[in-house]
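The values are calculated or read from the model by the stated rules, or taken from the named source; none is laboratory data. Given the structure is predicted, the values throughout are model-derived calculations rather than measurements. Virtual Cβ from ideal backbone geometry, glycine too; neighbours counted across all protein chains shown. Side chains included, ligands, DNA and RNA excluded: accessible areas come from the protein's heavy atoms. Shrake-Rupley method; radii C 1.70, N 1.55, O 1.52, S 1.80 Å.
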Amino acid sequence: HTFSQYSWTGVEVFFLISGFVICMSSWGRSVGDFFVSRISRLYPAYWVAVAVTFTVITLWPVVPLFHRTDSWTHAAINLTMLQGGMGIPDVDGVYWTLFCELKFYLLFALAVVARGVGYRNCVIFCCLWTVAGIVDYTAPSQLLDMWAMPLFSPYFVAGIAFYLMYRYKPNAVLTGIVLVSFLLAENQIVKRVGFNLTEPHRPIPAWPAQVIVALAFAFMALLALGAFDRIQWRWLTTAGVLTYPLYLLHENIGWTIIAALRRTAPPLVLVAGTTVAMMLAAYVLHRLVERPLGPRLSRWLKSATAEIRSL
């Protein structure tokens with residue numbers, strides 16, 4: 001518990017990596033191609049995960065209600081991934097991060113992809129989004145806060161800057177963007193520690209979370225400088241593709257398994273067994289849903305966008 005109580009910082013690391021990957025994968029793509037790639041990547045596994053998770057927590061409602069929903073209409077709206085903007089509970093507590101991702105995609109598509117993904121446009125986007133987040137500190141606005149996302153935008157911005165370093169080379173501007181984002185992230189992670197307290201009357205120190213953020217930035221800096229270019233282990237690809245389905249499935253289903261077996265299985269065996277079970281479920285979701293349905297959805301959407309362009 002001493003260490004795992006900071007595991008939620010994985011979200012920050014995820015957003016940092018996301019900025020890097022989205023900038024990389026959108027290079028040379030049109031807005032239509034960008035959204036087709038994102039929708040076909042995110043939604044097939046998500047749809048199945050929502051259905052499976054809702055079924056589990058409905059049949060075995062051991063998860064606290066504030067971490068789940070018992071309304072089938074709410075579950076149906078969850079299929080859009082837009083429930084975060086409508087004040088509707090997530091079927092699984094971790095799904096709130098996906099709405100943040102969607103907002104990042106939309107902002108990046110309109111501000112960068114629509115104008116052509118390039119060095120200059122990416123830098124301008126990073127600067128403007130950073131300024132928007134800072135303005136939200138002094139002149140808070142619900143609308144601005146929704147899109148500026150000051151708690152998380154520093155990670156997306158830094159990830160973009162790290163990719164530009166990787167694609168081109170480091171310089172004073174990119175280094176400045178990263179340093180400012182790092183300082184903002186270190187400040188914001190302190191707030192996140194307070195938000196994630198499971199026992200509000202027993203505060204935990206913020207410095208371990210700050211160390212984790214610093215290590216994540218250091219890792220991305222090494223990546224941007226080419227320190228890991230020689231690493232070409234094939235199993236990393238498999239591990240990488242399993243992270244998303246594992247993320248979609250692990251929380252409420254995992255808690256349900258633990259609640260069912262906690263009185264009969266030793267703690268370490270139960271945690272290890274649940275982890276293995278969720279990884280196997282993630283592999284099944286990837287092989288049976290993501291791999292066959294993702295390309296089909298992509299082809300269908302490409303056909304639809306081509307038809308729109310021709311009219």
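What to note about this one:
- Helices meeting the span-like rule in the chain (full DSSP H runs, Cα extent of at least 18 Å along the helix axis, mean Kyte-Doolittle score of 0.5 or higher): 10-25, 31-59, 96-111, 119-138, 153-167, 172-195, 207-224, 235-261, 267-285.
- Listed residues Ile124, Ile231, Ile88, most fluctuating in the chain (Gaussian network, C-alpha, under 10 Å): Ile231
- GNM top mover of Val50, Val213, Val271 - the chain, alpha-carbon springs below 10 Å: Val271
- Using the Cα coordinates of the stretch 92-233, the gyration tensor eigenvalues translate into equivalent-ellipsoid semi-axes of 26, 21, 15 Å, sorted from longest to shortest.
- At 0.692 mPa s and 37 °C, Stokes diffusion of the stretch 34-147 via Kirkwood alpha-carbon radius, µm² per second: 204 µm²/s
- Rounded Å value of the spacing that divides the Cα centres of the stretch 201-258 and the stretch 116-182: 21 Å
- Å² of accessible area per residue within the stretch 185-256, as computed with a 1.4 Å probe and no ligands counted: 61 Å²
- Calculated diffusion of the stretch 207-311, Stokes-Einstein form, Kirkwood radius summed over Cα pairs, 4 °C and 1.567 mPa s, µm²/s: 73 µm²/s
- Residue list for the stretch 1-40, given a label point 7 angstrom along the Cα-to-Cβ vector of Phe219 and an amide N cut-off under 16 Å: 4, 6-21
- When Rg and the Kirkwood Rh are both derived from Cα coordinates, the Rg/Rh ratio for the stretch 204-253 amounts to 1.10.
- Largest accessible area first, the listed residues Trp300, Trp60 line up as Trp300, Trp60 when surface is computed with a 1.4 Å probe on the assembled protein chains.
- The chain - Kirkwood radius from inverse mean 1/r over Cα pairs (Å): 21.0 Å
- Where trypsin sites (Lys or Arg not before Pro) in DSSP loops with at most 10 other Cβ within 10 Å are excluded, longest remaining stretch of the chain: 1-229
- Theoretical ellipticity at 222 nm over the chain - DSSP helices of four or more residues, -39500 (n - 2.57) apiece, nearest 500: -24000 deg cm²/dmol
- Over the stretch 54-117: Kirkwood hydrodynamic radius from C-alpha pairwise inverse distances, Å: 13.0 Å
- Counted residue by residue at 0.36 nm each, then reduced by the alpha carbon distance between them, the extension gain from Ala227 to His201 reaches 5.0 nm.
- A full extension of the chain between Thr237 and Trp96 corresponds to an added length of 48.2 nm, given 0.36 nm per residue minus the alpha carbon distance.
- Estimated at 0.36 nm per residue, the fully extended path between Arg309 and Arg287 surpasses their Cα-Cα distance by 4.6 nm.
- Of Asn78, Asn196, Asn121, the residue with the greatest mean-square motion in the GNM of the chain, using alpha carbon springs below 10 Å, is Asn196.
- Percent carbon-and-sulfur accessible area, the chain, ignoring ligands, DNA and RNA, probe 1.4 Å: 69 percent
- Val271-Ser71 FRET efficiency (beta carbon distance; Förster radius 25 Å; 0.05 resolution): 0.20
- Once both labels are positioned 7 Å from their Cα atoms along Cα-to-Cβ, the gap between Asn171 and Leu82 label points is 4.0 nm.
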